[in-house]
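Written out below as structure tokens is the structure these notes cover.
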Amino acid sequence: IITAATITNVDAIHPGYGFLSENQRFAEIIEEHNIKFIGPKSNHIKMMGNKIAAKKIMDENGVPTVPGLNDLSDQDKVKNFIDDVGLPIIIKAASGGGGKGMRVVKEINELNKSISAAKIESKKSFNDDTVYIEKFLTNPKHIEIQILADTKGNVITLGERDCSIQRKHQKLIEESPSTVLTSEEREEICK
């Protein structure tokens, strides 16, 4: 792709959807060749590539997040977290995506086995066995807002998608516009 872009003297590359759109190194290479990457800057991809780091950034910027615990090394902290939020909880891969490295824990006796299984799957899928836990939301609505931004600070929203219909934490259907949002909620989310 880079060779073709260089030979044809392109101005910009759109990575499409999927792996290249979230590949920090691909974005870096494009930036190193002074070609515009139509997508996030490589450092932003890196910041959002780890869910623990991304969630910390969201918390620091006042974006509401699901209660979670990042450090699972202290069993007392894990127990206290579960006592505070109750079961079920979900174990998630920090470097994850696509439903990989995730386990829902409904009974406390499933906890250690589920953490181990999530770590193994996370290591196989992402070469990183870091996992964290969150309160599991049993009937959430997964709403995504697509945005378009330019290099001058202009940002617009392109509408929302309801991605709640899933199987094994993987989206099956995306519905737009969402039938569950009121006009006020839609406006608030877009802001």
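The values are calculated or read from the model by the stated rules, or taken from the named source; none is laboratory data. Keep in mind that this is a model prediction, so the values were computed, not measured. All Cβ positions, glycine included, derive from the backbone under ideal geometry; neighbour counts span all protein chains shown. Each accessible area value is taken on the protein alone, full model and side chains, heavy atoms only, with ligands, DNA and RNA left out. Shrake-Rupley method; radii C 1.70, N 1.55, O 1.52, S 1.80 Å.
Contact list please: Cβ distance under 8 Å, first residue in segment 85-107 and touching a residue at least 12 places away in the same chain (Cβ under 8 Å) and open to solvent by 20 Å² or more (accessible area, probe 1.4 Å), second residue acidic (Asp, Glu) and in a loop (DSSP other than H, G, I, E, B), pairs at least six apart or on different chains. Between residues of segment 85-107 that are touching a residue at least 12 places away in the same chain (Cβ under 8 Å) and open to solvent by 20 Å² or more (accessible area, probe 1.4 Å) and residues that are acidic (Asp, Glu) and in a loop (DSSP other than H, G, I, E, B), the close pairs are 87/107; 95/128. Just a yes or no: is a residue in segment 107-124 out of contact with any helix residue (DSSP H, G or I) (no Cβ under 6 Å at 6 or more places or on another chain), in a loop (DSSP other than H, G, I, E, B) and modelled with pLDDT of 90 or more? Within segment 107-124, one or more residues are out of contact with any helix residue (DSSP H, G or I) (no Cβ under 6 Å at 6 or more places or on another chain), in a loop (DSSP other than H, G, I, E, B) and modelled with pLDDT of 90 or more. Residue 137 meets the conditions (1) out of contact with any strand residue (DSSP E or B) (no Cβ under 6 Å at 6 or more places or on another chain); (2) under 30 Å from residue 94 (Cβ atoms); (3) open to solvent by 100 Å² or more (accessible area, probe 1.4 Å) in every case but one. The failed one is (3). The set of residues in segment 1-42 being open to solvent by less than 40 Å² (accessible area, probe 1.4 Å), of a type in the set (A, V, I, L, M) and assigned to a helix (DSSP H, G or I) consists of 2, 5, 27, 30.
Put simply, of 19, 81, 37 the only residue that is in contact (Cβ under 8 Å) with a residue 24 or more places away in the chain and within 22 Å of residue 147 (Cα to Cα) is 37.
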